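The values are calculated or read from the model by the stated rules, or taken from the named source; none is laboratory data. Here the structure is a predicted model, which means the values were calculated and not measured. Counting neighbours? That spans all protein chains shown, and the Cβs are built from the backbone with ideal geometry, glycine included.
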Amino acid sequence: MSSQEYLVTINVPPLLEEGVVDCLLAIESADGFSSLTVNAHTNHHEHMSLGEQVAGTQRKIRFQMYIPEQRLNSLIDALKRDFSDSGIHYWVMPVLDSGYI
């Protein structure tokens, strides 16, 4: 790795999946991104249906991507601009090493 990269993880409600895909494609992250369905468990029930509250889990779509430091702020800014107050949860971690084996 020549410059600092970050692993960005984004959990979104399923209804926002297509919109987030479009947003991420517009950012043109160097290595693309992955998506998968996850079960989110939380004590915060504001965005959960009654059935989800009873089950104690909520279905989310998780996106993960490597992104260079110089594109990180533009990604977060785009998500905040396009999806304000939509229940998206994200976190960012530095990548210490990556490669293909």
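Restricting Leu15, Leu75 to residues that are part of a helix (DSSP H, G or I), within 27 Å of Asp97 (Cα to Cα), modelled with pLDDT of 90 or more and among the aliphatic types (A, V, I, L, M) narrows the list to Leu75. State all residues of region 78-89 that are more than 19 Å from Tyr66 (Cα to Cα) and not in a helix (DSSP H, G or I); if no residue qualifies, say none. Once the filter is applied, which keeps residues that are more than 19 Å from Tyr66 (Cα to Cα) and not in a helix (DSSP H, G or I), region 78-89 yields Phe83, Ser84, Asp85, Ser86, Gly87.
Looking at region 21-64 only, could you name the residues that are assigned to a helix (DSSP H, G or I), surrounded by 15 or more Cβ atoms within 10 Å (Cβ to Cβ) and at pLDDT below 85?
Restricting attention to region 21-64, the residues satisfying the condition of being assigned to a helix (DSSP H, G or I) are 21-27, 50-55.
From what's left, surrounded by 15 or more Cβ atoms within 10 Å (Cβ to Cβ): 21, 23-24, 27, 52.
Within region 21-64, Ile27, Glu52 meet the criteria.
Residues in region 90-101 that are loosely packed, with under 14 Cβ neighbours inside 10 Å and assigned to a strand (DSSP E or B) were compared, and the one that is nearest to the chain's Cα centre (by Cα) is Trp91. Asp77 satisfies every condition listed in (1) in contact (Cβ under 8 Å) with a residue 40 or more places away in the chain; (2) more than 14 Å from Val20 (Cβ to Cβ); (3) out of contact with any Phe, Trp or Tyr (no Cβ under 8 Å at 6 or more places or on another chain); (4) surrounded by 10 or more Cβ atoms within 10 Å (Cβ to Cβ) except (1).
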